[in-house]
Structures are given as structure tokens and as C-alpha cells.
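> Dropping a structure here in C-alpha cells format, bear with me for questions.
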Amino acid sequence: MKKTDKPLGAHTRLLQSGRTNFGTSSDLVNPPIERASTILFERAEDLYSGKTRRHYGRIGTASQEALRAAIADLEGAADVVLTPSGLAACTMALLAVCTTSGRSKNPAHVLIADCVYGPTRAFCNDILGKQNGLEIEYFDPRIGAQIADKVRPETCAIFLESPGSLTFEISDLPVIAKVAQAHNIPTLIDNTWGAGWFLKPLALGIDYSIEAATKYHTGHSDVIMGAIAARDAKSAARINNYNRLTGMTVSPDDAYLVLRGMRTMGVRLDRQQQSALKIAKWLSARDEVVQVLHPALPEHPDHAIWKRDFDGAAGLFGVIFKPTSPQKINAFLDNLALFGLGFSWGGYESLAIPCDPQITRTAKPWDAPGPLVRFNIGLEDVDDLIGDIEQALAVLA
């Protein structure tokens, strides 16, 4: 493929990244799927030289390397590690920074945003806390510069999720990153909503951008994978070493599918953004609704931070309905024809779930006046989706 020195637009870069000849064929548009456990060397002295990552089938095959390169380019990262799921990316990154921080005495202390993904929270409480003795402290995701008041000499990591994937608070990343850097504390963020497309956390000073590539990168709800993008060489070395020692890997076939999905991620996200914003504005005017939790709406409490740090908005948002019974909310959801009822999000299809059963808060109570429903807006015609929601709302009358 010919090279150009001219600056490329975001969509063009998304198509071009990861297309270096990682495989054995230089005339293929996409990297070959190399299924391998053993990789052969020409000379015995090269077996232990460490000169190449392509030494065993866990990592280094063409599709794996191409995907790493593509995500690194998207995130502006020094390097990327692939994991079997988005949760695995969150947990492995936390283990890597917490066990290599040199702050294991007293015991070590971890600061976690109160809005994080439920399974990540459970991992912090059980594995990091109960089983390994780390002190887990949750903080208000809107804390901003006041995070400095919670930092201790034994603080080994600050973990964020912005926006929260249920309640959609936006954190002030540059401010928190500056505080963390002053105390030499690694920062991590679950960036699945921003996907590296709408938000570039590494450019704002965050050390690790973590994503469930299951969602927007794949785009078709048929592959589970995670990615950890490291900001600089030091952060990359830490996460690569932990990845090597734990043996976490992804299959070449899955890497190929995620890379194929990434080629259309930009156009999908742009379409989903437009549809979700139209639906969010329509819902905000409905009598059944108290508040729409969509950062791109001017009335969102964190709209100014979103506008400053993000280049757009994903197709996922929440709606707080006026007080009603769980039975009526379930009836509303059951009455939807075009929205599937299921976990995950980011695929081509629209989904909806009730959120209240899984919301857990300890830093600041979740005190919404009514039930919360989360919508994932897919690629369907937006007017069809609005019509579907409208007919289903009749059960709330």
C-alpha cells in the first residue's frame, strides 16, 4: 500500500491503520487469519533473542498485530494489549498497576469512580479487596479537583468510567489526570462509550484507555474482546509484561472480526449518534419522562465538560421516567417491538434494559425520582424507533 505524507482525516485513518504487512502476503486488503501455536525460526540463536513479538501463537499473528496497530492509532497509544473480554481488560489493567506500583504496604489504596461497570466493581470488592487486602474507596465521578483530598501515599491507582454506562456522569479527566501525575499515580478509564472515536483519554493525560471491543469496535454483536491502550512506553511495558505472564490472549479469528468491524465504526457511530440524539430530544419532551441522561443535551449537568473533551456522543443514553411501578416499566419494555431486551450494547441493533436492579452506589446515593431505563440506539430508521417507543409508552398511562 502506498504511503502519503499528507495529514489524513479520522475516517481515512480508521481505514488505513493496521494495514502494514504483518502477514506473509502483501497483496491482501485485509490481514490473513493465521491459526498457529508454533511459529518457526530460521536460527536457534533467534529463539530467545526477544527481537520479535512474533514468537508464539498467543500473540504475534497477522490479525492480532493488525488489530493492535489499528487500536493504537485510534487511541494515540504507545501500544495495545488485547484481552478475551472488556471485563478482562478492566481487571487485567487494574491488577497490573496495583501489583507493580510499589505501594503494596499499609495496605495499598485504590480510588474507583462510583459509576463503574457492575462486574468491575464486583472484581474490585472481591478480588482486590477481600482476597488481596487492598483498600477500595469509591468517589463521586463528578469530584474533579477534589480528588486530591482522597489521594494518600499508598494510593496505587485511580480508575474511571466516563460517562458511566448506566448513569452517564462525565468526569473532568484533565483535572484528575493532573492530580494523579503530581502524585505519580497511574490512571485508568473504561472508555467503551467514547470508543477512542469520540474521546481520546490518553491525550488528556490518562495512562490507560480500556475498552470492550465487543461493542462499537466489533459492531455486530458476535465477538467478545477487550483492549488496553497505554499512553507511553513505561505504561506499555507494564501492561505488556503482565499480559505475557498471565497468558491472556485472543484468537486470530476473533481479532480479524474485530478489525473488520472497526473499518465501519466511524460511519456506524456517526449514524448512531444522530439517531440517539434525535430520540433523546424527543423523549425529553414527553410527559412520561423526568430527565434524559444524554451528555450532548444542553440540560445535562456535565454538558460543558462533554463539549470540551468529546468529539461526539455514542448511541447509549438513559431515561428517568416519572414514578411508576417496576411492573409497569417491565410492561413498557415488553411492549417494544424493535428494541431487544438484553445486556451489552454498541451493536447494529437497538436494545433497552431497566437499570435500577443493578445500580450500586456508596460514595453518593443514587436518588433519581423514578425508574431508569437505558437505550442503545442501533442502525434502524430513527422514525421507526420513535414510533416503537411511542406505542409502548401507552402502557404507562
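> Please give the length that would be gained between Trp366 and Leu333 if that part of the chain were fully extended, namely 0.36 nm times their separation in residues minus their C-alpha to C-alpha distance (nm, one decimal).
9.7 nm
> Something else now. Give me the orientation-averaged projected area of the Cα convex hull of the stretch 10-262, in nm², one decimal.
14.0 nm²
> Can I ask one more? What translational diffusion coefficient, in µm²/s and rounded to a whole number, does the Stokes-Einstein relation yield for the stretch 198-277 at 37 °C and a viscosity of 0.692 mPa s, taking the hydrodynamic radius as the Kirkwood radius over Cα pairs?
232 µm²/s
> Now for a separate question. Just to confirm the number: angle between the C-alpha axis of helix 86-99 and the first principal axis of the chain, 0 to 90 degrees, nearest 10?
60 degrees
> Pairs of alpha-carbon atoms within less than 8 angstrom and 6+ residues apart define the contacts here; what relative contact order does the chain have, in percent?
Relative contact order of the chain: 16 percent.
> For the chain, what does the helix formula give at 222 nm: sum of -39500 (n - 2.57) over DSSP H segments with n ≥ 4, over the residue count, nearest 500 deg cm²/dmol?
Calculated at 222 nm, the ellipticity per residue is -9500 deg cm²/dmol.
> A further question on this structure: Quick one: plug the Kirkwood hydrodynamic radius of the stretch 93-180 (C-alpha pairs) into Stokes-Einstein at 37 °C, 0.692 mPa s, and report D in µm²/s.
Result for D is 250 µm²/s.
> Please list, by residue number, everything in the stretch 168-186 whose backbone N is under 16 Å from a paramagnetic label point 7 Å out along Cα→Cβ of Gln358.
168-169
> At a 10 angstrom cut-off on C-beta neighbours, averaged per residue, how do the peptides 55-62, 107-114, 225-232 rank from highest to lowest?
Output ranking for 55-62, 107-114, 225-232: 225-232, 107-114, 55-62.
> For Ile377, Ile185, Ile33, what ranking results if the residue with the fewest other Cβ atoms within 10 Å of its Cβ goes first?
The most exposed by this proxy come first: Ile33, Ile185, Ile377.
> Sticking with this structure for a sec: Using Cα centres only, tell me the gap between the stretch 288-362 and the stretch 107-166 in whole Å.
So the two Cα centres are separated by 24 Å.
> Just to confirm the number: angle between the C-alpha axis of helix 62-75 and the first principal axis of the chain, 0 to 90 degrees, nearest 10?
Result, in degrees: 60.
> In addition: Say R0 is 41 Å: what FRET efficiency, to the nearest 0.05, do Glu45 and Ala148 get from their beta-carbon distance?
In this case the efficiency is close to 0.20.
> Using Cβ contacts closer than 10 Å as the measure, can you line up Val289, Val373, Val258 from fewest to most?
Result, fewest neighbours first: Val289, Val373, Val258.
> Please determine, in degrees from 0 to 90 and to the nearest 10, the orientation of helix 265-284 with respect to the longest principal axis defined by the Cα atoms of the chain, where the helix direction is its Cα long axis.
Once rounded, the angle reads 20 degrees.
> Which value, in nm² and rounded to one decimal, describes the direction-averaged projected area of the C-alpha convex hull of the stretch 202-241?
Taking the Cα atoms of the stretch 202-241, their convex hull projects to 3.2 nm² on average.
> In nm², what is the average projected area of the convex hull enclosing the Cα atoms of the stretch 265-396?
Projected area, direction-averaged: 8.1 nm².
> Let me ask something additional. Kindly rank 84-95, 136-147 from highest to lowest mean number of other beta carbons found within 10 Å of each residue.
84-95, 136-147
> I've got another one for you. Mind checking the full-extension length gain between Ala237 and Gln274? Use 0.36 nm per residue of separation minus the Cα-Cα distance, one decimal, nm.
Extending this stretch completely gives an extra 9.5 nm.
> Does the stretch 37-175 classify as rounded, prolate or oblate by the C-alpha gyration tensor (a ≥ b ≥ c root eigenvalues; a/c under 1.5 gives rounded; else a/b over b/c gives prolate, otherwise oblate)?
Prolate.
Readers should treat all values here as calculations from the given coordinates under stated rules, not as data from a laboratory. These numbers were taken from a predicted model, which means no experiment stands behind them. Positions of Cβ are generated from backbone atoms using ideal geometry, with glycine treated the same way; all protein chains shown enter the neighbour counts.
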